[in-house]
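Reading through the structure tokens given below for one structure.
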Amino acid sequence: MARFCVNCGAELTDKAAFCGKCGSAVTIQSLNTGSLSNYNMPGCVGFSERINDPEVIKKIEKRNKKGRGCIIIGVPLPLIIFLIVSFASEEVRTVDALVFGGGISVVILLFFVFGSFLTNAKRTWDGIVVDKKTKNRSRRFRDGEVQHYTDYIIYFRTDSGKKKISVGSSNGGPDYRDYYDYLNVGDRVRYHPNLSFSYEKYDKSHDSAIPCMFCKTMNDIQNGRCEACDNLLFK
């Protein structure tokens, strides 16, 4: 099984005590013995080629097309509504309708552009999980109520040396721990910004469960398709 340096992500030789690239001491990570690590599936090592499968590409394109359709309708809608109100009521001037309605439309468009940037497939990267932490936090509202929640934080180092972070918060409701429970320190991962479950694990050979990259449902590692949405699993 290939090993990678936790510090810089370089591939290590089997008996290496120090990384040949950065010189860091090699630590041997013990395998998780929890519910996700009961199997030995030697064929599940390496990043999946499913991202290039025509079925997966079609699924992503269909979702993107649906999003573009919603934005085509959503962007001009506030402006249209304000203009209709200005024509129907003397209390709202046309110029005010253009300013407020147009402003809201511009904000919606900016959110769409920013979201499209964040989910662009060109932002894919490979890296290593270098640390995991939890932080208990609290938030006080104006009415005096205090809400306690937990942040589940994962730190990554990309192959290019950049630091990345993933934060999931319980926010007083169900814990958003998808990545935190699935990934371990030392795991090599690939980040897919255009998929719902964004982090694909390089070595799945000791996992008994695998996440659906589209609906986040955990499936038996031996399944070929998601039992919830029937999409291909990244094996």
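Any read-out appearing in this document is the output of simple, stated calculations on the displayed coordinates, not a laboratory observation. Since we're looking at a predicted model, the values are computed, not measured.
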Task: Reach of Lys59 by Cα under 19 Å, taken over aspartates and glutamates that are not fewer than 8 positions away in the same chain - done: Glu49, Glu200, Glu227, Asp230
TODO: Give me the orientation-averaged projected area of the Cα convex hull of segment 60-118, in nm², one decimal.
DONE: 4.0 nm²
- [ ] Quick one: of Lys66/Lys162; Lys66/Lys164; Lys66/Lys216, which pairs are farther than 23 Å apart, Cα to Cα?
- [x] Lys66/Lys162; Lys66/Lys164
